[in-house]
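To keep things clear, I will list the structure first and then write my remarks on it.
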Amino acid sequence: MKRRLGLLMFLVLVVSLILTGCGNTGGKQDQLTKIRVSEVTHSIFYAPQYVALSQGLFEEEGLEIELTNGGGADKVMTAVLTGQVEVGLAGPEATIYVYNEGKEDNAIVFAQLTNGDGTFLIGREEDPDFSWSDLKGKTIIGGRKGGMPEIILQYVLRNNGLTPGKDVFIDTTMQFNAMPGAFLGGQGDYVILFEPTGSMMEKEGKAHIVASLGKESGEVPYTAYFAKKSYMERNPNIIQKFTNAVYKGQLWIESHSPEEIAQAIKAHFPDTEEEVLTTVVKRYKEQNSWKKDPILLEKDLHVLQKALQDAGELSKTAPYEKIVTPVFGDAAIKNIK
């Protein structure tokens, strides 16, 4: 009788350990919901995201992130619409294009990550006295036609009295991933690149940063997270948890030094020296590149759509409420201190 009682108590203990996750090597990991995310490119520009990953902020929300490099906003959007990934990180212009094409199950922005352009104008020679008028008659490798880098480049050129296609030629024949190699191979007079690519080329003496598109453009909703409308309707709790983690990353960035941020994201940029990481982080932080909360405001979407219209990429604007929802950002701000 005592042996049976002892065996019964042992089985109860084992079941209790299994149910609570103790003694199970999977533990917390088995409880996480996997979310596939496609980012438009891999850049220090998205530091709040990498902080959220490295500091376990997504795990705190019960999410496991599988991150891939989409290599362009068009490819990221395709991955979202075809169900290859649940969440895309790219320029909000992609959601405008899809909505205007009449797609019924369109993509909707639920969290904004960056607050302005993250590219830098790269030249072949050091030019401390650079002026935008120096670009007259020159060719700039500017990324895919209609993409955020090319649109904001046009926006900045026009603001500095230059007419794209007349005063300056923008080469839109290649995806962003191919641009550094093309420039180093002799194409174009200038190129716009995200970090750390520009600083690494400069450190190697192969090129020089001459201007910041972010400083020139001011606040623009440059990069945001979006998902299909149907996915968001079925999984509002997952979208909320994702937004919470993003907001936590934004708060972490705001309260830490460039040195601390560089250390936190180092694992995501193993080929970049810590000195370069710190320099780039400081540069982005000083020019207010990172959004301090996840809400894409209607007035900022208006600025973006005006830039798209001026560039000839938009015949009609998309209604804010059809392509953006502030609901998840509002809830994150309210509940996370």
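The values are calculated or read from the model by the stated rules, or taken from the named source; none is laboratory data. Treat the numbers as computed from the prediction; the structure is a model and nothing was measured. Cβ coordinates were reconstructed from backbone atoms using ideal geometry, including for glycine residues, and neighbour counts include every protein chain displayed. Accessible surface is based on the protein model in full, side chains and every heavy atom, while ligands, DNA and RNA are left aside. Shrake-Rupley method; radii C 1.70, N 1.55, O 1.52, S 1.80 Å.
Data for the structure
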{"quantity": "Options Ala262, Ala207; residue that is aliphatic (A, V, I, L, M), within 24 Å of Phe120 (Cβ to Cβ), crowded, with 19+ Cβ neighbours inside 10 Å and without any contact (Cβ under 8 Å) to a residue 40 or more places away in the chain", "calculated": "Ala262"}
{"quantity": "Wholly within the range 273-327, helices (runs of 4 or more DSSP H) carrying at least 2 residues that are touching a residue at least 12 places away in the same chain (Cβ under 8 Å), among the polar types (S, T, N, Q) and surrounded by fewer than 20 Cβ atoms within 10 Å (Cβ to Cβ)", "calculated": "274-286"}
{"quantity": "Meets criteria (touching a residue at least 12 places away in the same chain (Cβ under 8 Å) and out of contact with any Leu (no Cβ under 8 Å at 6 or more places or on another chain)) for Gly249", "calculated": "no"}
{"quantity": "Any hit, the range 170-188, residues being farther than 20 Å from Gly72 by Cβ, assigned to a strand (DSSP E or B) and touching a residue at least 24 places away in the same chain (Cβ under 8 Å)", "calculated": "no"}
{"quantity": "Complete set of residues in the range 120-158 that are assigned to a loop (DSSP other than H, G, I, E, B) and in contact with a Ser or Thr (Cβ under 9 Å, 6 or more places away or on another chain)", "calculated": "Gly142, Gly143, Arg144, Lys145, Gly146, Gly147"}
{"quantity": "Failed item in (1) more than 15 Å from the chain's Cα centre (by Cα); (2) surrounded by fewer than 18 Cβ atoms within 10 Å (Cβ to Cβ); (3) closer than 21 Å to Met201 by Cα, with Gly71 passing the rest", "calculated": "(1)"}
{"quantity": "Members of the range 128-148 found to be hydroxyl-bearing (Ser, Thr, Tyr) and surrounded by 14 or more Cβ atoms within 10 Å (Cβ to Cβ), listed by number", "calculated": "Thr139"}
{"quantity": "Residue check for Ile151: assigned by the TED database to the domain that holds Ala207, buried (at least 21 other Cβ atoms within 10 Å of the Cβ), closer than 19 Å to Gly71 by Cβ and under 27 Å from the mean Cα position of the chain (by Cα)", "calculated": "yes"}
{"quantity": "Verdict on Asn100 being in contact with a Pro (Cβ under 9 Å, 6 or more places away or on another chain) and open to solvent by 10 Å² or more (accessible area, probe 1.4 Å)", "calculated": "no"}
